[in-house]
Amino acid sequence: MSALRPALISTDFIAKPGETCTLAAYPARQKHFRSKKTAQNRIKKEAETISDLSHALYAQATQSVLIVLQGMDTSGKDGTIGAMFSRTPPLNVRVEAFKKPSKDELAHDYLWRVHKACPPKGNITIFNRSHYEDVLVVKVRKFAPESAIEQRYDQINAFEKHLSQNGTKILKFMLNVSKDQQAIRLRERLVEPHKFWKFNPADLEDRQLWPEFMGAYETMIERTSTLHAPWHIIPSDSRSTRGAIVSSIVRQALQDMAPTYPAAAFGPDDFLIE
C-alpha cells in the first residue's frame, strides 16, 4: 500500500463538539488546490490508496467503516461516492439510500432500518442520506412532534457511540453547497439529458425553506458532532474540491485504522499442487 502525505488536515473541517455551529462561517467554496486538474489528480491518487486499504480491511475482517453523507439537494452525494471509490471493487463497499420510510419501517422505531444497514466487520457502508433525515426534513416539515425530535439527538449520539465502541469507524460529512450553486445545478437537471431523471419538483419546495433547513442543519451539527463521530463540513460548490477533500479524509481515517492482511495459515509445502 502506498503512503500518501496528507494534502489536507481532516481536523480543519471538523465542527468541534460542544461548540455553536453557524454555517455562514463555513464557505461553500474554498480554494485548496492550484487548479481543477490538481484536485482531480488528487482524487485519483486518494482513490487508489482507498482501494488498497479497503481490500486489507475486508481481509482482516475485524473493523468496519460507516460513511454518512448529508446535504441539500445537488450538494453532490452521488458524485462524492463515485469519486472516492472509483478504484475500489464492490466486494465490500455498499451504498444505502434512505428514502421515505415504508409501512413496515414506520411500524418500528426510526433507527430500526438504519441499524440493519450498518456495515458488518470488514465492510464499508455509505449512507446517502441517513438517520439524520429524522432531525432535518422531519423537523422542517413537522412530520413528528418537536418533543420527539428533541429526544432524537441524544438517541442518535448513543446509537453512534454503540457502533464506534463495537468496531465501526464513523465518518460524517455535511456537504455544504450554497443556494446560488444549487440553483445552477437544478437548472442543469432541466437541460442536460443525462440529468433529467434527477429533477424532482419537490426539490424546489425544499429550496423555498432554505433558512429553515440551514437552521435544522446547524442544530443537528451542534447536538451530534461528538468525539466518537464528529461532523466534517465540506465546501461543495466545486465538485472536484469536494471530492478531493472527502477522499483525503476517508483515506487518512483508513490509514489510521491500519488494516493488515492476516498471517498465512498455510505454506507452499503444506499442499501438493499439480
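Things worth noting here:
- A158 being in a loop (DSSP other than H, G, I, E, B), over 29 Å from E46 (Cβ atoms) and not aromatic (F, W, Y): no
- Residue in region 52-70 that is within 27 Å of V177 (Cβ to Cβ) and charged (D, E, K, R) present: no
- Residue in region 135-145 that is crowded, with 17+ Cβ neighbours inside 10 Å, at pLDDT 95 or above and not aliphatic (A, V, I, L, M) present: yes
So that you can scan it fast, the table gives a plain yes or no per residue for (1) at negative phi; (2) not hydrophobic (A, V, I, L, M, F, W, C):
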| position | (1), (2) |
| --- | --- |
| S10 | yes, yes |
| Y26 | yes, yes |
| R34 | yes, yes |
| K45 | yes, yes |
| A56 | yes, no |
| A61 | no, no |
| L69 | yes, no |
| G79 | yes, yes |
| S86 | yes, yes |
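- Considering only residues in region 89-107 that are closer than 21 Å to Q60 by Cα and modelled with pLDDT under 95, the one that is nearest to the chain's Cα centre (by Cα) turns out to be P90.
- Positions within region 198-227 being closer than 16 Å to R152 by Cα and either touching an Asp or Glu at 6+ places or on another chain (Cβ under 6 Å) or of a type outside the set (A, V, I, L, M) (or both), in sequence order: Y217, E218, T219, E222, R223, T224, S225, T226
- Candidate set from region 254-274 (those that are in contact with a strand residue (DSSP E or B) (Cβ under 9 Å, 6 or more places away or on another chain) and among the aliphatic types (A, V, I, L, M)); member that is surrounded by the most Cβ atoms within 10 Å (Cβ to Cβ): L254
- Test result for S130, surrounded by 16 or more Cβ atoms within 10 Å (Cβ to Cβ), over 18 Å from A229 (Cα atoms), of a type in the set (S, T, Y) and touching a residue at least 40 places away in the same chain (Cβ under 8 Å): no
- Flag if W197 is at pLDDT 95 or above and closer than 21 Å to G76 by Cα: no
- Residues satisfying the stated conditions in region 90-115, i.e. basic (K, R) and closer than 21 Å to K77 by Cα: R94, K99, K100, R113
- Pick from region 133-155, criterion part of a loop (DSSP other than H, G, I, E, B) and in contact with a helix residue (DSSP H, G or I) (Cβ under 7 Å, 6 or more places away or on another chain), ranking: nearest to Q70 (Cα to Cα): L136
- Region 164-186, subset touching a Leu at 6+ places or on another chain (Cβ under 9 Å), crowded, with 19+ Cβ neighbours inside 10 Å and not charged (D, E, K, R), residue farthest from H115 (Cα to Cα): N176
- Consider region 219-267 and keep the residues that are of a type in the set (A, V, I, L, M, F, W, C) and part of a loop (DSSP other than H, G, I, E, B). The one that is farthest from the chain's Cα centre (by Cα) is F266.
- Criterion violated by F33 - all others in (1) of a type outside the set (G, A, S); (2) more than 17 Å from M174 (Cα to Cα); (3) at pLDDT 95 or above; (4) touching a helix residue (DSSP H, G or I) at 6+ places or on another chain (Cβ under 7 Å) satisfied: (3)
- Residue check, S238 closer than 13 Å to S75 by Cβ, touching a residue at least 60 places away in the same chain (Cβ under 8 Å), buried (at least 18 other Cβ atoms within 10 Å of the Cβ) and of a type in the set (S, T, Y): yes
- Being more than 22 Å from R251 (Cα to Cα), in contact with a strand residue (DSSP E or B) (Cβ under 6 Å, 6 or more places away or on another chain) and either surrounded by 19 or more Cβ atoms within 10 Å (Cβ to Cβ) or at pLDDT below 95 (or both) is a condition met by no residue of region 7-15.
The values are calculated or read from the model by the stated rules, or taken from the named source; none is laboratory data. Nothing here was measured: the structure is a model prediction, and the numbers come from that model. When we count neighbours, we look across all protein chains shown, and the Cβ atoms used for this are built from the backbone with ideal geometry, even at glycine.
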